[in-house]
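Novice: Shown below is the structure under consideration.
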Amino acid sequence: MNLLKYYQQYRDKWWALPLVLPALLLPVARWANTYTMLNGHMVFLYYLPLALVLSLMMFFGWAAIPGIIIGLLLTLAHGMMLEQSIGVLFHFLIPCVLCWGGYRIFVPQRQQVSHGNVRLMPHRLFWQMLLPSVIFLILSQIAEYLGLHPRTTEMTGVTPFSLRSLITFQALMVGCLTGMPLCYFVLRVIRNPFHLRGFISQVRLQIDPKIKKIEIICWATVLILLLWLLLMPLNDSSTIFSTNYTLSLLMPVMLWGAMRFGYRFISLIWTPVLIAVIHFHYRYLPIYPSYNTQLAITSSSYLVFSFIVAYTAMLATQQRLIYARVRQMAFLDPVVHMPNLRALSRALNGTSWSTLCFLRIPELELLGRHYGYFCESSISKCWRTT
């Protein structure tokens, strides 16, 4: 008990979890990155380390900076020269600190609430997706111009307003859009494992109560089938379903899940699915003369699909909560805030075998005066048990 108490008391200190987690999670985030070759140069399709560092900053604040520095030096800047290592540190710290500070200023309350709040979505899209991606890309352009570009960003040769810059910018944005909720969830579970129990209860509450098990099975079956068609290696006998045409079919399936299962569930499913789909992009995007343009279009599809799925899930979840609240208020009297006759009728319809009756015993109050309150209470109890 004392160890658990000390852990809860000191886990947010800079020398506790904020110091250890970056070094443990950054290699995993780096493994989730996806890149490809474009005109002989490397370009990213999905970039997660920026989202992880920003999540650590949003979660722990200033206490996360020492751990972020150590984690970057041990992973992304490992084996570099001193000036390149310093460049990597500033490349990540500048956008994260600026966006963290701006987010705290413009969202003074409920800053660390879990993702899925429609009211906070515009602020989070700007401070946690658009602005950090823009600053990160601008810093990479400046470092490239000065000849100090570190090799960890793998963006050597990028020029402004080029196709590779567009694809890189989209990779940063989709990484922040889908990676921030996932990293935030992982940090919450590591910090407090009991959060997983609350998360599961939230998933159950957000799922449409009218859903049957057969619908969940059908949705999962269709999703697995589309992923199998999409990730199947291309060969001479491949059909149109083995190309990015199936990627467009994945969109309505995820919208189906977003509208029926809620934001908590679909965000936990969509991010791993998207990482797998992007990682095996070469299985449905063959190299042909217009490969560069098609890669840019497909990269934009990842971003647009992710935004639509997340926003649709938030709206559907909010509408269900509003409908449930309005339905609950319809069964309460607006003056005394007690169940009304409509609530009584619903309760009686739910138990059709029961009977409602009204008994009036004038002498009961007189008996209570002579023999005390317990006499009246025992008589009422006998009537309820019979």
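The values are calculated or read from the model by the stated rules, or taken from the named source; none is laboratory data. As the structure is a computational prediction, the values presented were derived from the model and not from experiment. Here the Cβ positions follow ideal geometry from the backbone for every residue, glycine too, while neighbour counts run over all protein chains shown.
Novice: Looking at Phe169, Phe161, which is the one that is in the same structural domain as Leu130 (by TED's automatic domain parsing) and over 15 Å from Tyr46 (Cβ atoms)?
Specialist: Of Phe169, Phe161, the one residue that is in the same structural domain as Leu130 (by TED's automatic domain parsing) and over 15 Å from Tyr46 (Cβ atoms) is Phe161.
Novice: Going through Ile278, Ile266, Ile287 one at a time, which residue ends up being of a type in the set (A, V, I, L, M, F, W, C) and in contact with a strand residue (DSSP E or B) (Cβ under 6 Å, 6 or more places away or on another chain)?
Specialist: Ile278
Novice: May I ask you to list the residues in the range 189-209 that are basic (Lys, Arg) and under 18 Å from Met314 (Cα atoms)?
Specialist: Answer for the range 189-209, where residues must be basic (Lys, Arg) and under 18 Å from Met314 (Cα atoms): just Arg204.
Novice: So, Phe161, is that one at pLDDT 90 or above, over 20 Å from Leu72 (Cα atoms) and surrounded by fewer than 18 Cβ atoms within 10 Å (Cβ to Cβ) or not?
Specialist: no
Novice: While we're here: From the list Val97, Val118, Val107, Val113, pick out the single residue that is surrounded by 11 or more Cβ atoms within 10 Å (Cβ to Cβ) and in contact (Cβ under 8 Å) with a residue 60 or more places away in the chain.
Specialist: Val118
Condition check ((1) more than 24 Å from Met259 (Cα to Cα); (2) modelled with pLDDT of 95 or more) across all residues:
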{"position": "Gln202", "(1), (2)": "no, no"}
{"position": "Lys210", "(1), (2)": "no, no"}
{"position": "Lys213", "(1), (2)": "no, no"}
{"position": "Cys218", "(1), (2)": "no, yes"}
{"position": "Thr221", "(1), (2)": "no, yes"}
{"position": "Met232", "(1), (2)": "yes, no"}
{"position": "Ser238", "(1), (2)": "yes, no"}
{"position": "Ser242", "(1), (2)": "yes, no"}
{"position": "Thr246", "(1), (2)": "no, no"}
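Novice: When you go through Arg110, Arg104 one by one, which is the residue that is out of contact with any strand residue (DSSP E or B) (no Cβ under 8 Å at 6 or more places or on another chain), among the basic types (Lys, Arg) and at pLDDT below 90?
Specialist: On inspection, the qualifying residue turns out to be Arg110.
Novice: Okay, next question. Output yes when any residue across the range 17-30 is over 26 Å from Val174 (Cβ atoms), among the basic types (Lys, Arg) and modelled with pLDDT of 85 or more, and no when none is.
Specialist: No: the range 17-30 contains no residue that is over 26 Å from Val174 (Cβ atoms), among the basic types (Lys, Arg) and modelled with pLDDT of 85 or more.
Novice: Now a separate question. Could you check the range 164-189 and list, in sequence order, the residues that are of a type in the set (Ser, Thr, Tyr) and surrounded by fewer than 18 Cβ atoms within 10 Å (Cβ to Cβ)?
Specialist: If the condition is that a residue be of a type in the set (Ser, Thr, Tyr) and surrounded by fewer than 18 Cβ atoms within 10 Å (Cβ to Cβ), then Ser165 is the only one that fits.
Novice: Residue under question is Tyr311, and the condition is that it be under 26 Å from the mean Cα position of the chain (by Cα), at pLDDT below 90 and farther than 26 Å from Leu163 by Cβ; does it hold?
Specialist: no
Novice: On to the next question. I'm trying to understand the selection: among the residues of the range 190-220, which are outside any helix (DSSP H, G or I) and surrounded by 12 or more Cβ atoms within 10 Å (Cβ to Cβ)?
Specialist: The answer is Asn192, Ile207, Asp208, Ile211.
Novice: May I pose another question? Of all residues being crowded, with 16+ Cβ neighbours inside 10 Å and small (Gly, Ala, Ser) in the range 252-295, which is nearest to Val186 (Cα to Cα)? Just the residue, please.
Specialist: Ser267
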